[in-house]
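Participant: Below is one structure. I have some questions about it.
The values are calculated or read from the model by the stated rules, or taken from the named source; none is laboratory data. Here the structure is a predicted model, which is why all the values come from computation and not from measurement. We place every Cβ from the backbone using ideal geometry, glycine too, and count neighbours over all the protein chains shown. Ligands, DNA and RNA are stripped out before the accessible areas are found, and what is left, the full protein with its side chains, is counted by its heavy atoms. Shrake-Rupley method; radii C 1.70, N 1.55, O 1.52, S 1.80 Å.
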Amino acid sequence: MSNTNRVYRLAKRPEGTPDHDTFELSEEEIPEPGPGEVLIKTLYLSVDPYMRDRMRDSESYADPWDVGDALKGAVVGEVVESNGARFDEGDVVTGELEWAEYATAPGPVLTEVNPELAPISTALGVLGMPGLTAYFGTREVAQPAAGDTFVVTGAAGAVGSVAGQLAKLQGARVVGFAGSDEKVSFLEDDLGFDVGINYKTTDDYRAALDEAAPDGVDAYFDNVGGPITDAVFTRLNTDARVAVCGQISLYNSEEIPMGPRKLTQVIQSRATVEGLLVSDFEPRFEEATKQLGQWVASGDISYRETVTEGIENAPDAFLGLFEGENIGKQLVQVAER
């Protein structure tokens, strides 16, 4: 075990898009686990777009960090010391922990990861929060049925890629928006989407939707917001369902544009628009994880991970999310098991 612990802290609140000055990597002592706690060596840490909101000094569904606070996110790690907790040395666990090489946590906030079910990294992706978000957002909120047209933005990301595949399992026609030709090929060739649209090379989103979804849109899984969502709203069918999961196009905006702009379309379509927080479904996480694990094992759901090596490169992995550099789940590998 190393004698020091590298920890990322919030150096300052970013104005607009974060940069490397937003992050401070400090060297500290390895913490001691208190009663009922374990000491965890970080193996993988997750970076996610919602973390941008936690850098603001404003209310959000996730508590903001103070300047100087350690950054936190989902982690998969190995227990290296247990102080009366329900885990033993060598167990692999996941939970919300600091961006650090070592962290302590009480046993009840951790979940054991079964390395025999799938690679342990999937506990941060397809079998973790992103997969669960896709599962409940698709099956409980957007509710695509056989013959429906299902549209998803951020379709090549960790959430969108699973959501689209779940809609395909329900028999829907799936259209996904992504930010490169490589990602469009991933959607169509690897995941079985019916149509992928490269939003960066598309001048007219409405025209693209008319071609990709000629019968209109019955279910929409929104990860992005902005002009694409404006276009989708004009194509909603009667009684369409919209799951609002994220608004990544606005996360770095200092001033949020005036809106909502397309509510007249909701009147016309009588659509249901519902915000989605995966934590609302926590009592059913075990059920969903088991089902997702079965689909992954059978090949009904595929996944991809973009892995950045080294904790010192975690800011690059995070900033890359807003440039669309990742395909599937973006992870940082901190150490090997």
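Participant: Restricting to bridges with both residues inside the chain, how much of the DSSP beta-bridge set is antiparallel, in percent to the nearest 5?
Facilitator: Given both bridge residues lie in the chain, the antiparallel proportion sits at roughly 55 percent.
Participant: With a bin width of 10 angstrom, please list the P(r) values of the chain as percents of all Cα-Cα pairs, from the 0 bin to the one holding the largest distance.
Facilitator: Over the chain, the share of Cα pairs per 10 Å bin runs 6, 25, 33, 23, 10, 3, 0 percent.
Participant: Using only the heavy atoms of the protein chains and a 1.4 Å probe, how would Glu78, Glu98, Glu116 rank by accessible area, largest first?
Facilitator: If we order Glu78, Glu98, Glu116 from most to least accessible, we get Glu116, Glu98, Glu78.
Participant: What do you get when you divide the Cα radius of gyration of the stretch 46-153 by 2.2 N^0.38 Å, with N the number of residues?
Facilitator: Against the empirical 2.2 N^0.38 Å value, I get 1.30 for the stretch 46-153.
Participant: Determine the share of the stretch 9-98's accessible area contributed by carbon and sulfur atoms, expressed in whole percent, with a 1.4 angstrom probe.
Facilitator: Roughly 38 percent of what the probe reaches on the stretch 9-98 is carbon or sulfur.
Participant: Still on this structure, I have one more. How large are Rg and Dmax for the stretch 135-270 when only the alpha carbon atoms are used, in Å?
Facilitator: Radius of gyration, then largest Cα-Cα span, for the stretch 135-270: 13.6, 41 Å.
Participant: Something else now. Taking R0 as 30 Å, what's the FRET efficiency between Asp280 and Val109 from their Cβ-Cβ distance, rounded to 0.05?
Facilitator: The formula returns an efficiency of 0.95 here.
Participant: Another question, then. How large is the accessible surface per residue of the chain, computed with a 1.4 Å probe and reported in Å² as a whole number?
Facilitator: Dividing the accessible area of the chain by its residue count gives 45 Å².
Participant: Say the cut-off is 30 Å between C-alpha atoms; which of Lys41/Lys200; Lys168/Lys329; Lys183/Lys262; Lys183/Lys290; Lys72/Lys183; Lys12/Lys183 go over it?
Facilitator: Pairs exceeding the cut-off: Lys41/Lys200; Lys12/Lys183.
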